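Please read the structure below before turning to the comments.
Read-outs throughout are calculated quantities, based only on the coordinates presented, and are distinct from any laboratory measurement. Since the structure is predicted, the reported quantities are computational estimates derived from the model, not experimental observations. A quick note on method: Cβ atoms are made from the backbone with ideal geometry, for glycine too, and the neighbour counts reach across all protein chains shown.
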Amino acid sequence: MRPVLSALAVGAALAVPLPLPPTALAADPPYDAALVRLSEILGALQYLGPLCGVARPTEWRDQMEALLAAESPSADRQARLTAAFNGGYQGFAALYRRCTPSAELAIERYRAEGSKLTREVTTRYGGDAAPPR
């Protein structure tokens, strides 16, 4: 993790704008980091949901496609969102071959976090953001 607090304090003291993280671009919406995280969650759920029999085989991939369609991101931004989805999927695919209690707990936690992120983005940015349900 980046030391956000110290970077903010230094930037404020010098009254100079801090550079954006290398993965973000100035043209990206302010909720982009939340959508990157949501994409990662959708990827994890895409793997774990069908593994544990609690989701249709394409349920979370369909949600990711809806997010991309609603956002109409630039090619670079779409690549970041897609990479986050794939990373979430591959991270769990490397660990789980069958459904376990910890996989079921991960599903529960990721669904809750994804719902929270979606609510926060849509509440704060309304018509500016259209993530999936």
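Find which of Gly88, Gln78, Ala34 sits farthest along the positive direction of the dipole of segment 22-128, computed with +1 on the beta-carbon of Lys and Arg, -1 on that of Asp and Glu, about the Cα centre.
Final value for the positive-end residue is Gly88.
Sorting Tyr110, Tyr31 on the 10 Å Cβ count, fewest up front, what's the list?
Details: Tyr110 22, Tyr31 19.
Sorted ascending by nearby Cβ count, the order is Tyr31, Tyr110.
Could you calculate the FRET efficiency of Glu108 with Arg37 from 1/(1 + (r/R0)^6), where r is the beta carbon distance between them and R0 is 22 Å, rounded to 0.05?
Numbers: r = 17 Å, r/R0 = 0.78.
That gives a FRET efficiency of 0.80.
Quick one: Karplus J couplings for segment 79-96, per residue in order, coefficients 6.51, -1.76, 1.60, θ = phi - 60°, nearest Hz, x for Gly and Pro?
Listing the rounded values in order: 4, 5, 5, 5, 5, 5, 4, 4, x, x, 5, 5, x, 7, 4, 6, 9, 10 Hz.
Estimate the FRET efficiency between Tyr96 and Ala27 by the formula 1/(1 + (r/R0)^6), using the beta-carbon distance for r and 30 Å for R0, to the nearest 0.05.
The value I calculate is 0.20.
In nm, give the distance between the simple-model label positions of Ala79 and Ala66, each being 7 Å from the Cα along the Cα-to-Cβ direction.
Each label point is offset 7 Å from its Cα along the Cβ direction, giving 2.8 nm.
In what order do Phe92, Phe85 fall by count of nearby beta-carbon atoms within 10 Å, going from fewest to most?
Phe92, Phe85
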